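Every number in this text was worked out from the coordinates using simple rules, so none of it is lab data. These figures come from a predicted structure and were not determined experimentally. Neighbour counts run over all protein chains shown; Cβ positions are idealised from the backbone, glycine included.
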Amino acid sequence: MAGMLYLKRPFLAAALWSGLAGVAAPALGAEDAPPLDWREANDTVGQFQRGHIDVLRWEQANLKETPEPPAPAASLSLQTAADAVRRAWTAHLSLAGVQAQLGPALTEAVAQGRWMMVDPSMHRRVQGLGELLAVAREARQAWIQAVAARQGVGFHRESLIAAETAHELGRRMVQVGNWSRLQGAPASLALSEARMALQRAEYAQALAERELIRVLGLTGRHDHVALPDSLPALPDALIGPDAVDAHLQRLRAQLQRAEAMRAAPRTRMAYEAYRASHVLAAGYRDEILKTRELMAEEAVLRYNGMLKSVWDVLSETRQRFAAAAETVNAQRDFWLAEADLQWVLQGGEPASFVSLGGGGAAASAAPAH
């Protein structure tokens, strides 16, 4: 899954730089350059034996990309959700004794997110188990949010590249007189929107990382953490309804009557969020994203065959990045819902459940009874 969601820049560059080469040859960002003659621009392309493709290679070899700002130095690495859970436990000294009672095998199973290995009857024998699980769930979900936010920023940066290319192409079309300023305005507007979207995504990433640091009890000790580039892949198989029901019955046997009555509707809602989020995440991954990739690749092929314009390629490319970002969001929602389900099956009571497609915010209120 990780590799599937990383859209490589050469795919974009091959089409977009060739489109720029066919308009004019000055360096990018030359806003004050003198007006260009359309015939002169085409003559420039004609100096190369194979036209656009040779100009493309020349520009790629001679024009330097603006370097991205360096990432802040990270003093803590959390490459898995289990790393975050273990770190969160260390901030609660009382949980050391709980882990000792639970035993190393089950403690590690909880850290890894395999909570159904813990029989609900252990809550009677292991004092503080509920707190251990609550801390693990909060840390796991904070890690998921932070990784998803980081992954989303990458797609917004790539989308900005496409918008910058479209804007530059439009600017040159206006400069040589092939377009009016009104015709070039949509490309300028798209660039502004892409810049703002990236700003929002970077801010969301900073907030998610700050929340993760807070949850781990590391505020003031660490400013930045090293996280993986992508969320874990979706599981091949889901927890089945029979397994959920069996675990629920064991849980209810440990609860007082009022609590046992509340456990069933909570579990139904948690399982529905879990099941629905998996359907959506798999649909984005296997249908929407793959279709967008096919359409974008076909646009490049048809552009190379002079059957599509560079604007078609730009449009499909933007749609492709948007689909990739939505795929990440759907994947994030599944892992949040999965953590809630396993917590509910241990007697946890979320105030709300994940709102699918709602930015990861838990907006669906859990039933009170």
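Per residue of segment 106-123, what does 6.51 cos²θ - 1.76 cosθ + 1.60 with θ = phi - 60° give for ³J(HN,Hα)? Whole Hz please, x for Gly and Pro, Karplus curve as stated.
Per residue, the Karplus-derived 3J(HN,Hα) values read 6, 4, 5, 4, 5, 4, 7, x, 9, 6, 6, 6, 8, 5, x, 5, 5, 5 Hz.
Hey, what do the phi angles of segment 206-221 turn into as Karplus ³J(HN,Hα) couplings, whole Hz, using 6.51/-1.76/1.60 and θ = phi - 60°, x for Gly and Pro?
4, 5, 5, 5, 5, 5, 4, 4, 5, 4, 7, x, 10, 4, x, 9
Efficiency by 1/(1 + (r/R0)^6): what FRET value for Q101 and R250, r their Cβ-Cβ distance, R0 = 22 Å, to the nearest 0.05? Working shown, then result.
Values: r = 19 Å, r/R0 = 0.87.
Here the calculated transfer efficiency is 0.70.
Mind jotting down the distance between the C-alpha centroids of segment 186-214 and segment 238-275, whole Å?
38 Å
Quick one: what are the phi-derived ³J(HN,Hα) couplings along segment 251-259, Karplus 6.51/-1.76/1.60 with θ = phi - 60°, whole Hz, x for glycine and proline?
5, 4, 5, 9, 9, 5, 3, 5, 5
Could you give the length gained on full extension between A233 and R210, defined as 0.36 nm per residue of separation minus the Cα-Cα distance, in nm?
Full extension from A233 to R210 adds 5.8 nm.
Distance between the C-alpha centers of segment 72-135 and segment 278-301? Whole Å please.
37 Å
Round to the nearest 0.05 the FRET efficiency obtained for L182 and D286 when R0 = 35 Å and r is the Cβ-Cβ distance.
With a Förster radius of 35 Å, E is 0.30.
Normalise the Debye intensity by I(0) for segment 87-220, one equal point scatterer per Cα, no solvent, then take log10 at q = 0.14, 0.17 Å⁻¹ and round to two decimals.
Log10 of I(q)/I(0), two decimals: -0.73, -0.90.
For segment 198-332, rounded, prolate or oblate, judged on the Cα gyration tensor with a ≥ b ≥ c (square roots of eigenvalues), a/c < 1.5 rounded, else prolate if a/b > b/c? Don't skip to the answer; put the middle values down first.
Details: a/c = 3.78, a/b = 1.65, b/c = 2.29.
Note, shape of segment 198-332 comes out oblate.
For the ranges 273-285, 313-325, what's the packing order if you count other beta-carbon atoms within 10 Å of each residue, average per peptide, and put the highest first?
Numbers: 273-285: 19.8, 313-325: 22.5.
Answer by packing, highest mean first, reads 313-325, 273-285.
Any idea what the relative contact order of segment 72-177 is, in percent, if you count C-alpha pairs under 8 Å spaced at least 6 apart?
Values: 54 pairs, mean separation 32.8, N = 106.
Reported as a whole number, the value is 31 percent.
Which order do the peptides 255-265, 188-198 take when ranked by the mean count of other beta-carbon atoms within 10 Å per residue, highest first?
Working: 255-265: 13.5, 188-198: 16.2.
Put in order of decreasing packing, that is 188-198, 255-265.
Is the C-alpha gyration tensor of segment 205-263 telling us rounded, prolate or oblate? Criteria: a/c under 1.5 is rounded; beyond that, a/b larger than b/c is prolate, otherwise oblate.
oblate
At R0 = 41 Å, how high is the FRET efficiency between S75 and A322 if r is their beta carbon distance? Nearest 0.05 is fine.
0.75
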